[in-house]
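Worksheet: one structure, shown below.
The values are calculated or read from the model by the stated rules, or taken from the named source; none is laboratory data. Here the structure is a predicted model, which means the values were calculated and not measured. Glycine also receives a Cβ, built like all others from the backbone with ideal geometry; neighbour counts cover every protein chain displayed. Remember, those area values only see protein heavy atoms, side chains included, never the ligands or the DNA or RNA. Shrake-Rupley method; radii C 1.70, N 1.55, O 1.52, S 1.80 Å.
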Amino acid sequence: MAARAQFAVPECRATLDALHERPGVGADGAVGFWGINMGTWGFNMGTVTGVPLMAIEPRIKAVVFGRFRPDALADRTKRITIPIESDMRWDDEYISREEGLALFDAFASKEKSLHVNSGQHKERPRFGADSAVRFFTRYLGSEVTSPA
């Protein structure tokens, strides 16, 4: 799955190119990445796509990630040094607690926070999205609209 997600990286970079051409963003505009799947897939494709992108893309200044197995992403997580907010379910039926904690530990960022809530994989509480909005506002420096 991680290998297939890498094909999305060029598309994401093209989207960033277009975004930086928009008025109000500009070439130096702060951009964040929301890597949490709010859909019905069993795994967090936002994280599996976002980790390879964050490892090579300097224009993204902050990221919110969900869960994924760390061994599939380990070589790239060590290159991610931007601020990270990471989200984890304590009772996730797909990703064990140990795997969730290992992924968080693997990120090289000095500014990272881990939000752990009870519940299964898809049971992200609404206040988790509100936390992500506050995180992006803090690191991107302007009002952010909630992605959820």
Members of segment 62-72 found to be touching a helix residue (DSSP H, G or I) at 6+ places or on another chain (Cβ under 6 Å) and either in a strand (DSSP E or B) or open to solvent by 10 Å² or more (accessible area, probe 1.4 Å) (or both), listed by number: 62, 63, 64, 65, 67, 68, 69, 70, 72
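Can we say residue 97 is buried (at least 23 other Cβ atoms within 10 Å of the Cβ), out of contact with any strand residue (DSSP E or B) (no Cβ under 6 Å at 6 or more places or on another chain) and over 26 Å from residue 16 (Cα atoms)? So that I can check it myself, show each step before the final result.
Numbers: buried (at least 23 other Cβ atoms within 10 Å of the Cβ): no; out of contact with any strand residue (DSSP E or B) (no Cβ under 6 Å at 6 or more places or on another chain): yes; over 26 Å from residue 16 (Cα atoms): yes.
Criteria not met by residue 97.
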Given (1) touching a residue at least 12 places away in the same chain (Cβ under 8 Å); (2) under 20 Å from residue 9 (Cα atoms); (3) outside any loop (DSSP other than H, G, I, E, B), index of the condition residue 75 fails: (1)
Subset tally (residues that are surrounded by fewer than 14 Cβ atoms within 10 Å (Cβ to Cβ), at pLDDT below 80 and of a type in the set (S, T, N, Q)) for segment 6-59: 1
Segment 106-119 residues that are closer than 13 Å to residue 65 by Cβ, paired with ones that are in a helix (DSSP H, G or I) and open to solvent by 40 Å² or more (accessible area, probe 1.4 Å) (beta carbon under 8 Å, 6 or more apart): 114/101
Any pair with Cβ under 9 angstrom, 6 or more apart, that starts in segment 9-28 at a residue that is closer than 15 Å to residue 57 by Cβ and ends at one that is among the aromatic types (Phe, Trp, Tyr) and not in a loop (DSSP other than H, G, I, E, B): 12/33
Which numbered condition residue 90 fails, given (1) open to solvent by less than 90 Å² (accessible area, probe 1.4 Å); (2) over 20 Å from residue 51 (Cβ atoms): (1)
Meets criteria (of a type in the set (Phe, Trp, Tyr) and open to solvent by 10 Å² or more (accessible area, probe 1.4 Å)) for residue 135: no
Residue list for segment 100-125, filter: buried (at least 18 other Cβ atoms within 10 Å of the Cβ), modelled with pLDDT under 90 and either of a type in the set (Phe, Trp, Tyr) or farther than 23 Å from residue 62 by Cβ (or both): 121
Hits in segment 48-91 (condition: in contact with a Cys (Cβ under 9 Å, 6 or more places away or on another chain) and of a type in the set (S, T, N, Q)): 49
